[in-house]
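J.: Right, I'll just put the structure down here and ask away after.
The values are calculated or read from the model by the stated rules, or taken from the named source; none is laboratory data. This structure is a prediction, so every number in the text was calculated from the model and none was measured. Don't worry about glycine lacking a Cβ; one is built from the backbone with ideal geometry, like all the others, and counts go over all protein chains shown.
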Amino acid sequence: MLTIKNLEASIEGKQILKGLNLEIKPGEVHAIMGPNGSGKSTLASVLAGREDYEVTGGSVTFNDQDLLEMPAEERAREGLFLAFQYPVEIPGVSNMNFLKAAVGEIRKHKGLEPLSAKDFLKLVKEKSALVELDGQLANRAVNEGFSGGEKKRNEIFQMAMLEPSLAILDETDSGLDIDALRIVSEGVNALRSPERSFVVITHYQRLLDYIVPDFVHVLYKGKIVKSGTKELALELEERGYDWIKEETAQAGA
Amino acid sequence: MEATVTITAKDKFLALVEQHEKLPHVVGARKVLSQLDMPNTRMEDWRYTRTGKIGTEDWKMATSKTNPDISSFLIPGLEAKHLVIVDGQYREDLSELKNLVGISIETTTLVNDEQHQYQHFFEALGAALITTRIQVDIAPHVEIKDKLHIIHVTTEHQVLSQPYITIDAGKSSKAHFVESFVSIGEHHAFTNRTLRIQVAENASFTLDKIQSETDAHYLMNEDRIHVAGDGRFTINTLTIDGGWVRNNLHISFGGQNAEANLHGIYLPRKKQHIDNHTLVDHRVPHCNSNELYKGLLNDHATGVFNGKVYVQPNAQKTNAFQSNANILLSDDAQMNTKPELEIYADDVKCSHGTTTGQLDEDALFYLKARGLGEESARRLLTSAFINDVLDKVENDNIRNYVVSQLITRELLIA
């Protein structure tokens, strides 16, 4: 589904990703962990198509297409979804109008008829229940005045509405209390399927108790330096990142 | 040696006034006109608005009587009577004013301006050479059912239109007027329209002003509003299009518990220039003013907002709020904005805020990351930006009419 080869990327002349490799197959959940500043959010932004980042090397193939050639909206229409670490507040734009436009674009891209108003509302009701999002929030302006937890739930709600084939969750657990974490995770788990893959970027093992990954990768200094199964996350939780840093230093020396 | 004689723009205007001495005019204005200079950027009130190009044209009075089809300028679904002014001339034959209960319209009433201080050349010019004089009286204690729609159309090349309109809204009356400025064709025109409104005690008067002229037009609006005690005045100035637009809006309160609401949007593009100068004069206690202007500027357009609010020493318990926000849609667009609050009373609530920025890049990316294309993402954001001003237009038909024009302008989403 997604193949990243030797990906290099920089922002404002500073190189962040320095040859990253990752292979994701349909239905898999990959967790990406790593110390601050290792390039986790850069990876999410580059995959979603944020133009502030310059890709200086490598390739990314998504469903046999060159992902890096596509503008952000094209990636979304092809089935890539980024749940933002910091969802943007957009005053004056109602959540509903925004979602209607987004669902419309994605359906059009898939060659599907637009949803009737009735079917759209039905879908909203069904999917917002998944993350226990109050119907009132759906009618408000996008993320405006939402609490941290509501914003993250809104991200998962949007994901449920847009039904992507690959979802990248960028520190979706940050700023969530235990209840919100549970709700968000259950929402994600309900969307797991053999065709849908996830990249879960997180600092904490805690989230992975809820969203159990198939693979765990450690990103450090712009590269994946260690990969394993969910046990690796537990080991990181216990030992921290220093041993990884040392291993990497020795390997480099 | 021969002396060179330069004919200035002012000379040309003075000559025009002289040629048409029989046209209606205000005596005082004719007297002071020659003493005033053409507005120029050395004058504080005209610092960012150039008038030079107005002076290069050879303006004239309408020479022929054209019969434009005004049906396309009517607002669909709106229950309104219309008063049509073509090239500055009132056209009874094109107007539809039958059964207008509670309103009387006169075209001959004289104006007394002995007390009036003319602020600038164009204001005096508009009174010194009136192309159409209209006096509207709204009967006291009447709520006018129909809207009155005043339509200014220009059709002729280089025509100078100077309608002079006065409205007296009687005690406890309630009325809603619409005024639109349109043109047929790409000819050059200069419309210098004077409007004076007296809102009597406990009266309520609303004016929706829709300006959508073409690039070769100059439009000067001089609006002077006086609101008596318990009176309420609302104006929505919606500048959709026009090469050069200057709106001077002066509102003063004459009695306690009066209210003024002034809202506006301006959306200049190409090389258009749109200037809103507003003044709210709180002279008496217990009055409220709410001001909200928003601009979206594209291409090489320039905009000006200057909002003066005076709170005089005895105007205690004044509430005066002002806000101006702008988005520059291109690197070459320019906005000059200046709030000017002068507060001489100590027990008041006043605020002002002004912002000028670009479309929020993070919001744009967020929308694109959900599958919206660049254009629709931009339009969703520009719509959101001006929607709170459009919501101030209470009548659905009028708002829909403006929205449909903005959709055509590709500024709003359908």
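J.: Within the stretch A:7-52, how many residues are crowded, with 19+ Cβ neighbours inside 10 Å and assigned to a strand (DSSP E or B)?
T.: 12
J.: From the list A:21, A:36, A:63, A:97, exactly one residue is more than 15 Å from the chain's Cα centre (by Cα) and within 9 Å of chain B (Cβ to nearest Cβ). Which is it? Break it down stepwise before answering.
T.: Working: A:21 fails: within 9 Å of chain B (Cβ to nearest Cβ); A:36 fails: within 9 Å of chain B (Cβ to nearest Cβ); A:63 fails: within 9 Å of chain B (Cβ to nearest Cβ).
Matching residue, one of A:21, A:36, A:63, A:97: A:97.
J.: Which of the helices (runs of 4 or more DSSP H) found entirely inside the stretch A:183-253 contain at least 3 residues meeting this: more than 24 Å from residue A:153 (Cα to Cα)?
T.: Numbers: elements: A:205-210, A:230-239, A:242-252.
By residue number, A:230-239, A:242-252.
J.: Only one residue in B:392, B:349 is under 25 Å from residue B:279 (Cβ atoms) and over 19 Å from the mean Cα position of the chain (by Cα). Which one?
T.: Numbers: B:392 fails: over 19 Å from the mean Cα position of the chain (by Cα).
Of the residues listed, the single one that is under 25 Å from residue B:279 (Cβ atoms) and over 19 Å from the mean Cα position of the chain (by Cα) is B:349.
J.: Return the only residue of B:202, B:257, B:248, B:261 being buried (at least 21 other Cβ atoms within 10 Å of the Cβ) and at pLDDT 95 or above. Working first, answer last.
T.: On the way: B:202 fails: buried (at least 21 other Cβ atoms within 10 Å of the Cβ); B:257 fails: buried (at least 21 other Cβ atoms within 10 Å of the Cβ); B:261 fails: buried (at least 21 other Cβ atoms within 10 Å of the Cβ).
Selected residue: B:248, the only one of B:202, B:257, B:248, B:261 that is buried (at least 21 other Cβ atoms within 10 Å of the Cβ) and at pLDDT 95 or above.
J.: Which numbered condition trips up residue B:357, out of (1) within 10 Å of chain A (Cβ to nearest Cβ); (2) among the small types (Gly, Ala, Ser); (3) surrounded by fewer than 17 Cβ atoms within 10 Å (Cβ to Cβ)?
T.: Residue B:357 satisfies every listed condition except (1).
J.: Given the criterion over 19 Å from the mean Cα position of the chain (by Cα), within 14 Å of chain B (Cβ to nearest Cβ) and assigned to a loop (DSSP other than H, G, I, E, B), identify the matching residue among A:91, A:87, A:114.
T.: Working: A:91 fails: assigned to a loop (DSSP other than H, G, I, E, B); A:87 fails: over 19 Å from the mean Cα position of the chain (by Cα).
Only one candidate passes the filter, namely A:114.
J.: Is it the case that residue A:120 is modelled with pLDDT under 95 and over 30 Å from residue A:213 (Cβ atoms)? Give the derivation first.
T.: Numbers: modelled with pLDDT under 95: yes; over 30 Å from residue A:213 (Cβ atoms): yes.
For residue A:120, the condition - modelled with pLDDT under 95 and over 30 Å from residue A:213 (Cβ atoms) - is met.
J.: Could you list, in sequence order, all residues of the stretch A:71-97 that are more than 19 Å from residue A:170 (Cβ to Cβ), buried (at least 22 other Cβ atoms within 10 Å of the Cβ) and among the hydrophobic types (A, V, I, L, M, F, W, C)?
T.: Selection gives A:93 alone.
J.: Give me the residue from the stretch B:95-144 that is more than 16 Å from residue B:203 (Cβ to Cβ) and among the charged types (D, E, K, R) and, out of that set, farthest from the chain's Cα centre (by Cα). Steps first, please.
T.: At the first step, the residues of the stretch B:95-144 found to be more than 16 Å from residue B:203 (Cβ to Cβ) are B:95-101, B:105-135.
Restricting the remaining residues to those that are among the charged types (D, E, K, R) gives B:96, B:98, B:106, B:113-114, B:123, B:133.
Working: B:96: 23, B:98: 27, B:106: 22, B:113: 21, B:114: 25, B:123: 13, B:133: 18 Å.
Step by step, filter the stretch B:95-144, then rank; the result is B:98.
J.: Among A:47, A:68, which is the only one that is modelled with pLDDT of 95 or more and within 15 Å of residue A:168 (Cα to Cα)? Steps first, answer last, please.
T.: Details: A:68 fails: within 15 Å of residue A:168 (Cα to Cα).
One residue alone meets the criteria, A:47.
J.: Could I ask something else about it? Considering only residues that are modelled with pLDDT under 95 and not hydrophobic (A, V, I, L, M, F, W, C), which ones fall in the stretch B:159-187?
T.: Within the stretch B:159-187, the subset modelled with pLDDT under 95 is B:183-187.
Result: B:183, B:185, B:186, B:187.
J.: Go through (1) within 11 Å of chain A (Cβ to nearest Cβ); (2) more than 21 Å from residue B:261 (Cβ to Cβ) and name the single condition residue B:386 misses.
T.: (2)
J.: Across the stretch B:52-82, what is the number of residues that are free of Cβ contacts under 8 Å to residues at least 24 places away in the same chain and assigned to a loop (DSSP other than H, G, I, E, B)?
T.: Qualifying residue count for the region: 1.
Listed here are the residues, each with its yes/no results for (1) outside the structural domain of residue B:89 (by TED's automatic domain parsing); (2) free of Cβ contacts under 8 Å to residues at least 24 places away in the same chain; (3) part of a strand (DSSP E or B); (4) more than 20 Å from residue B:73 (Cα to Cα).
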site: B:137; (1), (2), (3), (4): no, no, yes, yes
site: B:140; (1), (2), (3), (4): no, no, no, yes
site: B:145; (1), (2), (3), (4): no, no, no, yes
site: B:148; (1), (2), (3), (4): no, no, yes, no
site: B:153; (1), (2), (3), (4): no, no, yes, no
site: B:160; (1), (2), (3), (4): no, no, yes, yes
site: B:168; (1), (2), (3), (4): no, no, yes, yes
site: B:171; (1), (2), (3), (4): no, no, no, yes
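J.: Considering only the stretch A:72-80, I want to know if a residue exists there that is in contact (Cβ under 8 Å) with a residue 12 or more places away in the chain, basic (Lys, Arg) and more than 7 Å from chain B (Cβ to nearest Cβ).
T.: Yes: the stretch A:72-80 contains one or more residues that are in contact (Cβ under 8 Å) with a residue 12 or more places away in the chain, basic (Lys, Arg) and more than 7 Å from chain B (Cβ to nearest Cβ).
J.: Here's another thing I want to ask about it. I need the helices (runs of 4 or more DSSP H) fully contained in the stretch B:319-414, keeping only those with at least 1 residues that are farther than 30 Å from residue A:53 by Cβ and among the small types (Gly, Ala, Ser). Spell out how you get there, then give the answer.
T.: Numbers: elements: B:361-368, B:374-390, B:396-408.
Here the list reads B:396-408.
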